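The structure appears below as structure tokens.
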Amino acid sequence: MEELVALCKRRGFIFQSNEIYGGLQGLYDYGPLGVELKNNLKQSWWREMVFDRDDVEGLDASILTKPSVLKFSGHEDTFTDPLVDCRDCKSRWRADQLTSENCPSCGSSNLTDPRPFNLMFKTAVGPVEDNESFAYLRPETAQHIFTNFKNVVDSTSKQLPFGIAQIGKAFRNEITPRNFVFRVREFEQMELEFFVAPGTDEQWHESWVEARINWWDKQGVSRNNLELYHVPEDELAHYSKATVDIMYKFPHGLEELEGIANRTDFDLGSHSKNQSELDIQSSVLENNESNARLAVQDQETKKWTVPYVIEPSAGVDRGVLAVLNEAYKIEELEDGKTRTVLNLKPHLSPIKAAVIPLKKNHEGLVEIASQIKKDLQRLRFGRVLLENSGNIGKSYRRHDEIGTPLCITVDFDSLDDGTVTVRDRDTMQQKRIEISKLSKYLEDLILK
Ligand code: ATP
């Protein structure tokens, strides 16, 4: 983990947030390369979830959330972790993560009994700060998918089964944020709520688990490093009938990368008015405030049913950490030296290709290199960089380390014969190809 953290800082992937003021625990900022990697991961998820299917629509809802939403979703009462204080050194811990009865910081056994600590952040809304005018920062992106259920159905005429996908920030006041971006207080989630007819939910649950493992595999997170954890009944979240966690071998241990829950009809049911007239399977909270009926009507029987929902919920930050961890290698070279390389899948690489003139500021070479950059950039696969450094060896090393799949060198032969040298990051092999064939070459590499 230390090596990864150091690489992330050195090369501009991830920085400690508020660093120049001493940092703020549990917050990280994504730098020039990190933002590209993160965007590429999110884009890959969006493509597969929304563009490649016809049964999923997208949403981008507000972060600030009215307290009643999180009251009726059950979060006000149950979204807690057990907190213990050390009476001696005043440190605070999550009781379920302690490995002994002693304080991990000072060793004292003088700990308080665990008490529930709600993880939701509150903020004042409007100019007056009082107990009435506040909102929560959403602790998951899911709730506004449920509150918008009717809007999406009415505006798209979707029939079951169908899904609503959303990517966005979520906030949790974690008691002990740790392990780099694994457990932070502000993070991003990629969540799909997939609505299905009651009775078909278990089958859909199984197929979504499989689909999600496949997707992670395509991001370079090998199946061999994933394990499924079927959450036991006494550990299930209040809304869940069954949850399967996809666990990944993070540098600090096997932990959750994504959770896939069968949330039943709990959320839509509890946000619906006139529940007594609805066909609801699970026992939901009493609701008197919502003005919506979040249900679908059977065309023949005219009966209103609240759909069940399967929720694959993945953490973007944990995804970035997993992808980096899988890609990070230190390789022995034939000359006895080593090289650091990130074998990122090309569609995730922050920079798709670096175009390097052999001689710095050489007019003819820079002109060709600039044109190549422009042409490749036009493909819109991601960032292509013109690197007018004049130091090819150094450029290769840097681009290996940040995962650039292709380096293109423009040399003096290029002026005469219109060819360039392309160097493959993984094999380090170099070959000459015609400039006119570069676009196709890059396209094949990224889309393979
Ligand atoms: P954990 O048990 O690790 O706290 P969770 O079960 O509370 O996670 P979910 O509520 O299922 O997590 O959230 C879905 C996903 O959001 C998780 O699989 C994870 O990838 C991500 N996630 C949740 N909490 C955090 C956090 N504090 N920091 C970073 N990512 C998080």
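Values computed for the structure shown
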item: Filter result for residue 169 (surrounded by fewer than 17 Cβ atoms within 10 Å (Cβ to Cβ) and over 28 Å from the mean Cα position of the chain (by Cα)); result: no
item: Some residue of the stretch 301-318 being free of Cβ contacts under 8 Å to residues at least 24 places away in the same chain, assigned to a loop (DSSP other than H, G, I, E, B) and closer than 30 Å to residue 400 by Cα; result: no
item: Residue that is farthest from residue 345 (Cα to Cα) [pool: residues in the stretch 243-274 that are small (Gly, Ala, Ser) and within 13 Å of the ligand (Cβ to nearest atom)]; result: 261
item: Selected residue (only one of 94, 87 is surrounded by fewer than 19 Cβ atoms within 10 Å (Cβ to Cβ), over 22 Å from residue 287 (Cβ atoms), within 16 Å of the ligand (Cβ to nearest atom) and not assigned by TED's automatic domain parsing to the domain that holds residue 196); result: 94
item: Residue count for the stretch 349-362, restricted to those that are buried (at least 17 other Cβ atoms within 10 Å of the Cβ) and either assigned to a helix (DSSP H, G or I) or of a type in the set (Lys, Arg) (or both); result: 1
item: Selection count where residues are over 30 Å from residue 291 (Cα atoms) and either part of a loop (DSSP other than H, G, I, E, B) or in contact with a strand residue (DSSP E or B) (Cβ under 7 Å, 6 or more places away or on another chain) (or both), scope the stretch 244-273; result: 13
item: Set 365, 376, 385, 321: member being under 29 Å from residue 45 (Cα atoms), assigned to a helix (DSSP H, G or I), away from the ligand (no atom under 16 Å from the Cβ) and of a type in the set (A, V, I, L, M, F, W, C); result: 376
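To keep it simple, each residue is scored yes or no on (1) touching a residue at least 60 places away in the same chain (Cβ under 8 Å); (2) in contact with a His (Cβ under 6 Å, 6 or more places away or on another chain); (3) basic (Lys, Arg).
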position	(1), (2), (3)
332	no, no, no
341	yes, no, no
344	yes, no, no
350	yes, no, no
353	yes, no, no
359	no, no, yes
363	no, no, no
375	yes, no, no
379	yes, no, no
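The values are calculated or read from the model by the stated rules, or taken from the named source; none is laboratory data. Only a predicted model underlies this, so the values are computations on that prediction, with no experimental measurement involved. Using ideal geometry, Cβ is built from the backbone for each residue, glycine included, and neighbour counts are taken over all protein chains shown.
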